[in-house]
Amino acid sequence: MSLAISVRELNQNTSAVLQRASAGEHLVIASRGRPVARLIPFTPTGAYEELVTDGQVIMAQPGPEWEPVSIDIGVDELLDDERGEAL
């Protein structure tokens with residue numbers, strides 16, 4: 001849950017606000033009643049993991065295993081064929 005605080009409160013009580021964030025609170029900073037920023041605890045896991053935790057991103061699931069394919073034609077020949085060119 002995010003708690004809203006004003007820019008004025010942030011300026012006047014910076015240390016206390018930072019302590020709240022480091023204790024795990026998610027804070028929304030509001031300027032003139034409008035949200036402008038979010039202050040969240042630092043986690044060494046990174047931004048991606050934070051987005052997954054917040055439900056803003058869905059982690060990719062592993063796909064099927066692919067078997068290697070062996071072909072007897074070179075990449076140049078494949079591209080020429082795709083472009084309709086002949087050697």
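Need a quick list: strands (runs of 3 or more DSSP E) entirely within the chain having at least 3 residues that are within 23 Å of the chain's Cα centre (by Cα) and modelled with pLDDT of 90 or more.
Numbers: elements: 2-6, 26-31, 34-39.
Fully inside the chain and qualifying: 26-31, 34-39.
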Handout entry: Residue check, residue 47 hydrophobic (A, V, I, L, M, F, W, C) and touching a Ser or Thr at 6+ places or on another chain (Cβ under 6 Å)
Key = no
Completion exercise
Counting only residues that are among the β-branched types (Val, Ile, Thr) and over 24 Å from residue 54 (Cβ atoms), region 1-24 contains a total of 1
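Only one residue in 46, 33 is of a type outside the set (Asp, Glu), free of Cβ contacts under 8 Å to residues at least 24 places away in the same chain and over 20 Å from residue 3 (Cα atoms). Which one?
Values: 33 fails: over 20 Å from residue 3 (Cα atoms).
Checking each option against the conditions leaves just 46.
The values are calculated or read from the model by the stated rules, or taken from the named source; none is laboratory data. What you are looking at is a predicted structure, and each value in this text was computed from that prediction instead of being measured. Neighbour counts are summed over all protein chains in view; Cβ atoms, including those assigned to glycine, are modelled from backbone coordinates with ideal geometry.
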